[in-house]
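Let me begin by presenting the structure, written as structure tokens, before commenting on it.
The values are calculated or read from the model by the stated rules, or taken from the named source; none is laboratory data. Note that the structure is predicted; figures quoted are calculated from it, not measured. For neighbour counting, all protein chains shown are included, and Cβ atoms are generated from backbone atoms with ideal geometry for every residue, glycine included.
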Amino acid sequence: MPRDNKYYMDRLKKEHPEDFEKLQKGLYRTPAEAFRATGLKKPRSRLQELKNAWDKATVADREAFMRISGLAPFTPSGATSSGLPFATGTRLNDWAKDRIQEIMLKRWMKPGGVMRELGLNPANPSLGLALHRGNSLQPDVLTKLENWVKANEKI
């Protein structure tokens, strides 16, 4: 469960009063620096930093990174009939989001109904979050979703 700064500030004040005083006097630049110095929090790994940067990056930045790094876009069964990749990394490309929403609209479906047709838990919010917030999807969900779009291509 994620904890906020108040939790760590309370612990710093209680367990490390001398470091809390240093923070108050400005000897630590940030509360996070004090938390790491006292061992209340561990420093982020390079992988955590990369994931954080990726999550904050724009679609254009992600696509540029994929190009310059030589990483191929996620296309489980190759390029689609349109010749465009279905997803970049584990995030749906804009055309795929539009097509999924078009099918859902024409079939009067919600994301839970699509998840049910994919054989997944309809209460799983990942598809809705991917469509509306750009969140990533698990590779197996992407594969099933791409196959679902192909199965509904006449709609």
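Values for this structure:
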| read-out | value |
| --- | --- |
| Trp54 vs. criteria under 18 Å from the mean Cα position of the chain (by Cα), closer than 22 Å to Leu127 by Cβ and either modelled with pLDDT of 90 or more or not in a loop (DSSP other than H, G, I, E, B) (or both) | yes |
| First in region 84-103 and assigned by TED's automatic domain parsing to the domain that holds Thr143 and at pLDDT 90 or above, second anywhere and among the aromatic types (Phe, Trp, Tyr) and in a helix (DSSP H, G or I), Cβ under 9 Å, 6 or more apart | Ile100/Trp148; Ile103/Trp148 |
| Leu137 vs. criteria touching a strand residue (DSSP E or B) at 6+ places or on another chain (Cβ under 8 Å), crowded, with 18+ Cβ neighbours inside 10 Å and not acidic (Asp, Glu) | yes |
